[in-house]
1. Does any residue of segment 16-34 turn out to be touching a helix residue (DSSP H, G or I) at 6+ places or on another chain (Cβ under 7 Å), at pLDDT below 90 and in a helix (DSSP H, G or I)?
2. Can you say whether residue 101 is more than 15 Å from the chain's Cα centre (by Cα), crowded, with 20+ Cβ neighbours inside 10 Å, in contact (Cβ under 8 Å) with a residue 24 or more places away in the chain and farther than 14 Å from residue 57 by Cα, as far as the supplied structure shows?
3. What number of residues within segment 69-98 are touching a helix residue (DSSP H, G or I) at 6+ places or on another chain (Cβ under 6 Å), under 18 Å from residue 134 (Cα atoms) and not in a helix (DSSP H, G or I)?
4. Of everything in segment 48-59, what is touching a strand residue (DSSP E or B) at 6+ places or on another chain (Cβ under 9 Å) and crowded, with 16+ Cβ neighbours inside 10 Å? Give them in sequence order.
5. Mind telling me which of the residues 62, 132 ends up being more than 14 Å from residue 49 (Cα to Cα) and outside any loop (DSSP other than H, G, I, E, B)?
6. Being at pLDDT 90 or above, touching a helix residue (DSSP H, G or I) at 6+ places or on another chain (Cβ under 6 Å) and outside any helix (DSSP H, G or I) is the requirement here; does residue 56 meet it?
7. Give the number of residues within segment 112-127 that are free of Cβ contacts under 8 Å to residues at least 24 places away in the same chain and assigned to a loop (DSSP other than H, G, I, E, B).
């Protein structure tokens, strides 16, 4: 602060610029961290929904005479997939209804999670969960 004759006149422009620069750097650091946390929370939510899809599939299977035929149209299944606005769900059901596989693409795009009739819920292995391979592993 400038003082002249023991009177305070105010801050210099340099002092104000330094303070604004420090605040800008701190704000940038916080913004980067918050964005990362948001992406991680969205991915965690999608993983939880994948677990719910697996539970819905088991419930459907036991209530549908041990068959997955019609699983994609099941009310519980469509309700769960409808809650996943930032994720992409792709489900495959073998034509005879014996097996299913569902892939959930993470909002961050970093990886995909998968669940299948073996009870597996985890990361999708490359080239799996296709029309010829109904497993995640």
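1. Let us first name the residues in segment 16-34 that are touching a helix residue (DSSP H, G or I) at 6+ places or on another chain (Cβ under 7 Å), namely none.
No, segment 16-34 contains no residue that is touching a helix residue (DSSP H, G or I) at 6+ places or on another chain (Cβ under 7 Å), at pLDDT below 90 and in a helix (DSSP H, G or I).
2. no
3. 3
4. Initial filter on segment 48-59 (touching a strand residue (DSSP E or B) at 6+ places or on another chain (Cβ under 9 Å)): 49-51, 53-54, 57.
Residues satisfying the conditions are 49, 50, 53, 54, 57.
5. Working: 132 fails: outside any loop (DSSP other than H, G, I, E, B).
Every option except 62 fails the conditions.
6. Details: at pLDDT 90 or above: yes; touching a helix residue (DSSP H, G or I) at 6+ places or on another chain (Cβ under 6 Å): yes; outside any helix (DSSP H, G or I): no.
The answer is no for residue 56.
7. Filtering segment 112-127 for residues free of Cβ contacts under 8 Å to residues at least 24 places away in the same chain gives 112, 116, 118, 120, 122-127.
Adding the requirement that they be assigned to a loop (DSSP other than H, G, I, E, B) leaves 118, 120, 124-127.
Summing the residues that are free of Cβ contacts under 8 Å to residues at least 24 places away in the same chain and assigned to a loop (DSSP other than H, G, I, E, B) in segment 112-127 gives 6.
Conditions (1) within 14 Å of residue 106 (Cα to Cα); (2) surrounded by fewer than 19 Cβ atoms within 10 Å (Cβ to Cβ); (3) touching a strand residue (DSSP E or B) at 6+ places or on another chain (Cβ under 6 Å), marked per residue:
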{"residue": "44", "(1), (2), (3)": "yes, yes, no"}
{"residue": "73", "(1), (2), (3)": "no, yes, no"}
{"residue": "79", "(1), (2), (3)": "no, yes, no"}
{"residue": "84", "(1), (2), (3)": "yes, no, no"}
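The values are calculated or read from the model by the stated rules, or taken from the named source; none is laboratory data. The shown structure was predicted, so the numbers you read here are calculated from the model rather than taken from an experiment. Please note: Cβ atoms are built from the backbone with ideal geometry, for glycine as well, and neighbour counts cover all protein chains shown.
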